[in-house]
Amino acid sequence: MNTANPAAEWLPTLSRRPEIFPHQLDVQANNVLLVELPVAELGAASFLDQRVLTPTTRGTWVAWTSVAHAMNGAETQNPVHYIFHVGHCGSTLLSRLLQLLDGVQSLREPLPLRTLAQDFADAADGRSFLTDAARREHLQVLSRLWGRGEPYTVVKATSICSGLLPHIHTVQPDCRSVFVYNRPETHIATLLAGENAIIDLRGFAKLRLQRLQQITSLKLQLHELNPAQLAALGWLSETTSIVSSSDQHAAQIESLEFDEFLKNPADRLTQLLRFLDIPAAAEAVETAVRSDVLQTYSKAPEHEYNAQTRATILANSRQKFARDIADTLSWMDELASESPLVAASLDRFG
């Protein structure tokens, strides 16, 4: 990445330049990495992490206070909406479908949300660098940054970020969030089918366990959990975060089970657009669901992947891991007997 300092050029016009993107946060140094990326590349990226940077990308670390000052008073035309999810459940596909509609930009998994999610989880143990007020200010400014460009913006968060939902809806009362999920049996079978399943499952396991234990007081040991239980841990971490937020923000959250979506994607997408208050003609919705998005792997669109492919993979995983899946579903029921929040999550999303 080219690190020549262009901050003096970018900051005066930051509110009008969506190609100047907040790529990373450093809450310890209170800085933000701004990078210059074409808007088309931002919309095409499956993950807005290190993979979007090249040796020629212009970027520089800037004091957070300078960025916040540059965006002071800059409001987007409409609230920025969010997609939260349990992971590997069709959230990227939904994000790409929304992006096909006129006036909608989709941003997938920006790194600053991950940083704020970890910092928020650390707050319960006194290890956060940010107060709740500071964290909300970060989310407000970031939403203004992400909302530049098209009239409507939908940010797909990484699957570990559901704990931020109350903060986001507090600073953006008009914001709406879609929570995408699979039922536990499908979720476990999906994750066990992955070629690098154990690496993926362990990637965020510490943070997921940290968050789950903070809101449920369950006593679990990470080293004792097998791969199927690690998959269940991820599901529980995100669903309990949503359930614990529902009393205060129920009207701002719409849940979407992916299998139900696949039965009639046009109708379900129309319902979601109505919930998000994003206008779209019926013809545009039909065009979107008939596009290549439903025929390719959303995280790597160069690969073919459709509902039948998914069904075959799930059937094979269910056969191969039948005992592990059954035992883990029973284990989840045992956890529900210890935690009312886990029980509520299984009642609502199970």
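The values are calculated or read from the model by the stated rules, or taken from the named source; none is laboratory data. Everything numeric in this text was worked out from a predicted model, so none of it was measured. Glycine gets a Cβ as well: all are built from the backbone with ideal geometry, and neighbour counts include every protein chain shown. The protein model used for the area step is the full one, side chains on, heavy atoms only, and it has no ligands, DNA or RNA in it. Shrake-Rupley method; radii C 1.70, N 1.55, O 1.52, S 1.80 Å.
Matching residues to (1) closer than 25 Å to Glu109 by Cα; (2) in contact with a His (Cβ under 8 Å, 6 or more places away or on another chain); (3) open to solvent by 50 Å² or more (accessible area, probe 1.4 Å); (4) not polar (S, T, N, Q):
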{"position": "Thr287", "(1), (2), (3), (4)": "no, no, yes, no"}
{"position": "Lys299", "(1), (2), (3), (4)": "yes, no, yes, yes"}
{"position": "Glu304", "(1), (2), (3), (4)": "yes, no, yes, yes"}
{"position": "Ser317", "(1), (2), (3), (4)": "no, no, no, no"}
{"position": "Lys320", "(1), (2), (3), (4)": "no, no, yes, yes"}
{"position": "Asp333", "(1), (2), (3), (4)": "no, no, yes, yes"}
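Among what's in the stretch 231-278 and is of a type in the set (D, E, K, R) and assigned to a helix (DSSP H, G or I), pick the residue that is least open to solvent (accessible area, probe 1.4 Å).
The qualifying residue least open to solvent (accessible area, probe 1.4 Å) is Glu238.
Look at (1) open to solvent by 90 Å² or more (accessible area, probe 1.4 Å); (2) free of Cβ contacts under 8 Å to residues at least 24 places away in the same chain; (3) not small (Gly, Ala, Ser) and you find that Arg348 fails only one, number (2).
Residue by residue through the stretch 204-230, note down the ones that are among the hydrophobic types (A, V, I, L, M, F, W, C), within 25 Å of Lys320 (Cβ to Cβ) and in a helix (DSSP H, G or I). Outline the logic, then answer.
Kept after step one, since they are among the hydrophobic types (A, V, I, L, M, F, W, C), are these residues of the stretch 204-230: 204-205, 207, 209, 212, 215, 218, 220, 222, 225, 228, 230.
Among the residues that remain, those that are also within 25 Å of Lys320 (Cβ to Cβ) are: 204-205, 222, 225, 228, 230.
Result: Ala205, Leu222, Ala228, Leu230.
The residues of the stretch 48-78 that are touching a residue at least 60 places away in the same chain (Cβ under 8 Å) and open to solvent by 40 Å² or more (accessible area, probe 1.4 Å), listed by number, are Glu75, Gln77, Asn78. For first residues located in the stretch 232-249 and without any contact (Cβ under 8 Å) to a residue 40 or more places away in the chain, partners that are of a type in the set (D, E, K, R) and open to solvent by 10 Å² or more (accessible area, probe 1.4 Å) and lie 6+ apart or on another chain with Cβ distances below 7 Å form the pairs Leu233/Arg208. Looking across the stretch 23-47, the residues that are without any contact (Cβ under 8 Å) to a residue 40 or more places away in the chain, open to solvent by 10 Å² or more (accessible area, probe 1.4 Å) and under 16 Å from Arg108 (Cα atoms) come down to Pro38, Ala40, Glu41, Ala44.
Counting only helices (runs of 4 or more DSSP H) that sit wholly inside the stretch 1-97, those with at least 3 residues that are out of contact with any strand residue (DSSP E or B) (no Cβ under 8 Å at 6 or more places or on another chain) are 39-44, 64-70.
Can you find a residue that is touching a Gly at 6+ places or on another chain (Cβ under 9 Å) and among the β-branched types (Val, Ile, Thr) anywhere in the stretch 83-103? Yes, because at least one residue in the stretch 83-103 is touching a Gly at 6+ places or on another chain (Cβ under 9 Å) and among the β-branched types (Val, Ile, Thr).
Would you say Arg114 is among the basic types (Lys, Arg), farther than 15 Å from Gly163 by Cα, modelled with pLDDT of 95 or more and not in a loop (DSSP other than H, G, I, E, B)? Spelling it out, it is not the case that Arg114 is among the basic types (Lys, Arg), farther than 15 Å from Gly163 by Cα, modelled with pLDDT of 95 or more and not in a loop (DSSP other than H, G, I, E, B). Within the stretch 168-181, at least one residue is assigned to a helix (DSSP H, G or I) and more than 11 Å from Tyr82 (Cα to Cα). Scanning the stretch 160-183 for residues that are open to solvent by less than 10 Å² (accessible area, probe 1.4 Å) and in contact (Cβ under 8 Å) with a residue 60 or more places away in the chain gives Ile160, Cys161, Ser162, Leu165, Ile168, His169, Cys175, Ser177, Val178, Phe179, Val180, Asn182. Of the numbered criteria (1) more than 17 Å from the chain's Cα centre (by Cα); (2) modelled with pLDDT of 95 or more; (3) of a type outside the set (Gly, Ala, Ser), the one Ile199 fails is (2).
Regarding the stretch 219-226, can at least one residue be identified that is open to solvent by less than 40 Å² (accessible area, probe 1.4 Å) and within 18 Å of the chain's Cα centre (by Cα)? Walk me through how you get there before you give the answer.
Applying the first criterion (open to solvent by less than 40 Å² (accessible area, probe 1.4 Å)) to the stretch 219-226 yields 220, 225.
Then keep just the ones that are within 18 Å of the chain's Cα centre (by Cα); that gives none.
No: the stretch 219-226 contains no residue that is open to solvent by less than 40 Å² (accessible area, probe 1.4 Å) and within 18 Å of the chain's Cα centre (by Cα).
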